[in-house]
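S.K.: Below you'll find the structure I mean.
The values are calculated or read from the model by the stated rules, or taken from the named source; none is laboratory data. If you're wondering where the values come from, they're calculated on a predicted model, not measured in any experiment. As a convention, Cβ positions derive from the backbone with ideal geometry for all residues, glycine included, and neighbour counts pool all protein chains shown.
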Amino acid sequence: MDASPPIERRSQPRYPLAQSVDFWHAPSRRRFPARCADLSRGGARLHLPAAAPLAPGQGVRLRIGGADGPELLGLGGRELRATVVRVDRQSLLADGCVTVGLRFAEA
């Protein structure tokens, strides 16, 4: 078994951020409460309710926080379009929510 650390494939550094998110799921045309876990200029990791019908490749829109402090990397307060790249339902057991990885369309 290889004990080497996983290779980092992200082109932008990620920063931890506990911030509420206004999340619009385009395929179901519904809003869901969401919480940001971390953020980069290229994407984000969010926690959403188990009822959110998420799948990789889906388009979503989100707005992170109300103010644009330095921790939001200039992304706060404006609508962002993104694509779901990863859905982790294993987090349901530990955290009671689905963890979703997003890639921003523009940033």
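S.K.: For residues that are small (Gly, Ala, Ser) and modelled with pLDDT under 85, scanning just the range 77-107, find the one that is farthest from the chain's Cα centre (by Cα).
M.R.: That would be Ala94.
S.K.: What residue, among those in the range 16-55 that are part of a strand (DSSP E or B) and in contact with a Gly (Cβ under 6 Å, 6 or more places away or on another chain), is modelled with the highest pLDDT?
M.R.: Arg45
S.K.: A further question on this structure: I'd like to know if the range 26-36 contains one or more residues that are within 21 Å of Pro70 (Cα to Cα), small (Gly, Ala, Ser) and either surrounded by fewer than 16 Cβ atoms within 10 Å (Cβ to Cβ) or over 11 Å from the mean Cα position of the chain (by Cα) (or both).
M.R.: No, there is no match, as no residue in the range 26-36 is within 21 Å of Pro70 (Cα to Cα), small (Gly, Ala, Ser) and either surrounded by fewer than 16 Cβ atoms within 10 Å (Cβ to Cβ) or over 11 Å from the mean Cα position of the chain (by Cα) (or both).
S.K.: In the range 62-84, is there at least one residue being farther than 18 Å from Leu17 by Cβ, in contact with a Lys or Arg (Cβ under 7 Å, 6 or more places away or on another chain) and in a strand (DSSP E or B)?
M.R.: Step one: list which residues in the range 62-84 are farther than 18 Å from Leu17 by Cβ, which gives 81, 83-84.
Remaining after also requiring in contact with a Lys or Arg (Cβ under 7 Å, 6 or more places away or on another chain): 81, 83.
Pick out the ones that are also in a strand (DSSP E or B) and you get 81, 83.
Yes: one or more hits.
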